[in-house]
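Here's the structure, in structure tokens; my notes come after.
The values are calculated or read from the model by the stated rules, or taken from the named source; none is laboratory data. Quantities reported herein were computed from a predicted structural model and do not represent experimental measurements. Backbone-built Cβ (ideal geometry, glycine too); neighbour counts: all protein chains shown. Remember, those area values only see protein heavy atoms, side chains included, never the ligands or the DNA or RNA. Shrake-Rupley method; radii C 1.70, N 1.55, O 1.52, S 1.80 Å.
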Amino acid sequence: MLLGIISYTVLCFRYRTFIFILTFLLYASFHLSRKPISIVKGELHKFCAAQNGAEVRINSQSQKASALPSPQLLDNETDCGWAPFDQNNYQQLLGALDYSFLCAYAIGMYLSGIIGERLPIRYYLTFGMLASGIFTALFGLGYFYNIHSFGFYVVTQVINGLVQTTGWPSVVTCLSNWRGLIMGVWNSHTSVGNILGSLIAGYWVSTCWGLSFIVPGAIVAAMGIVCFLFLIELFVLEDTPGLGFTHDCMFGFSDPKDIACSSTLVAHSKSYENGVHRFRLQKQALPDEKKLLDPETQCLLLSDGKRAVHQNHVITLPAEGGGSMAAISFTGALKIPGVVEFSLCLLFAKLVSYTFLFWLPLYITSVDHLDAKEAGELSTLFDVGGIFGGILAGVISDRLEKRASTCGLMLLLAAPTLYIFSTISKMGLEATIAMLLLCGALVSGPYALITTAVSADLGTHKSLKGNSHALATVTAIIDGTGSVGAALGPLLAGLISPSGWNNVFYMLMFADACALLFLIRLIHKELSCPGSATGGQVP
């Protein structure tokens, strides 16, 4: 008995570590491919010396010192950027590019969770990564083929936004049993991906900006192949009272042959592929109890493909039909306590986060007068702060067991910090660096906590009575609503920034206040009745 439990624990740890690392890398590559557009903005429209006696601007770009061929300028072009973004309305055009991607992402996210929980995760995620790689690279090909059609760049952004929705519900479903600190560490993939994307895109931005998209596109496509080869279908083993063993674990099997099943169960092998199934660790049934067990629901977990780990441990898989739970409906997921509040909170929190994601390098360029490469590198400090903010939010929420209160505290501190940043960042590079780290932590902390631990809490809420099918749908609803804010933020920044960057920061502070407002009821509920806001889930 003890030997079986030890073997189970070792196998548990091995698979958990593998899934943690793999899903971290997979979603980091998604964010890596989203970052180039913010870095390249400073190159698509440069502050330059205009021709024919027009208004003189500061040229922040050095002469291209590369042997790479540069497309010829059109007759009506100046050296102020890439047509059509070299015009005076460049901020609105760049904002429209962001909006195209993020609006498509928001709309697609509502459908992605519903579709994803009905398809094999491995195939679904692989398709999304390969398609995302193709359309990210396609944007960069506009440089080499001298494409100046605004519609071309909008269409590539729209399709890329749609296919990228395959990512988040899939990877969160893979980690549905994890909470707090571990999820905070894991969610740093967002910031790691942004940092790598900034550095990779920045390397070529001043010499050949097309490669700033093609290289990240190739990376995310390559990770899609890795996903197809190595992502294993996930099965959750739940705690079982009376066995003296209460460790949650996720096991994965790349093929149904990895599980010893009856011939009847193998005939229904399709059921393994649809999302995540819950298993229950049981003591071996007594002789007089065996007749109560349906042979179609019994499988023995194998450790080496030939032998069972221990004959006293039985993995029970509900057969298709009446015993299994159907995927939750969209309206059913909305009825889960806390889903609406956290979704609306994330809408405004993500509005702030994605405004920084897409516009921070251009803001740094205009305020500190750096070129696109230097501004892109400096903007990574915001994501470095985001790593610490996500981990800090996970630690605090673990200790307090209060998700909403943790988010509320960080949102309360974020609003005045944004105002200080807008003031101090104009005083010099050193002040900008310090405030980037602090703002990154406070802005990204609530966003990270809601999209990971809170989503997992709500997706496994006690009102669902163990229906694990709900997780992908709940995750998609929360992140989809947040993505509406992500689409609005960069768009509003493009519209407001011509009137002054201070007005952009006022808009961001107002959004933070709205995010906090939607959490007031849940915070009050947590303080008066601990553990109730997200269904009493604790780490």
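Residue by residue, here is whether (1) at pLDDT 95 or above; (2) open to solvent by 60 Å² or more (accessible area, probe 1.4 Å) holds:
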| position | (1), (2) |
| --- | --- |
| G113 | no, no |
| E117 | no, no |
| R122 | no, no |
| L125 | no, no |
| G133 | yes, no |
| A137 | yes, no |
| G140 | yes, no |
| F144 | yes, yes |
| F152 | yes, no |
Residues in the range 330-351 that are modelled with pLDDT of 90 or more, buried (at least 24 other Cβ atoms within 10 Å of the Cβ) and more than 15 Å from the chain's Cα centre (by Cα) total 3
With the condition kept exactly as written, say whether any residue in the range 506-525 is within 22 Å of the chain's Cα centre (by Cα), at pLDDT below 85 and surrounded by 21 or more Cβ atoms within 10 Å (Cβ to Cβ). no
Count of the range 359-407 residues which are farther than 23 Å from L519 by Cα, more than 21 Å from the chain's Cα centre (by Cα) and open to solvent by less than 40 Å² (accessible area, probe 1.4 Å): 12
Within the bounds of the range 452-466, is there any residue that is more than 22 Å from the chain's Cα centre (by Cα), at pLDDT 75 or above and not basic (K, R)? no
Checking A67 against (1) of a type outside the set (D, E); (2) in a loop (DSSP other than H, G, I, E, B); (3) open to solvent by 30 Å² or more (accessible area, probe 1.4 Å); (4) at pLDDT 85 or above, only one condition comes out false. Which one? (4)
Residues being surrounded by fewer than 23 Cβ atoms within 10 Å (Cβ to Cβ) and either in contact with a Pro (Cβ under 6 Å, 6 or more places away or on another chain) or of a type in the set (V, I, T) (or both) - total across the range 164-203: 4
Please go through the range 467-478 and pick out each residue that is at pLDDT 75 or above and of a type outside the set (S, T, Y). V474, A476, I477, I478
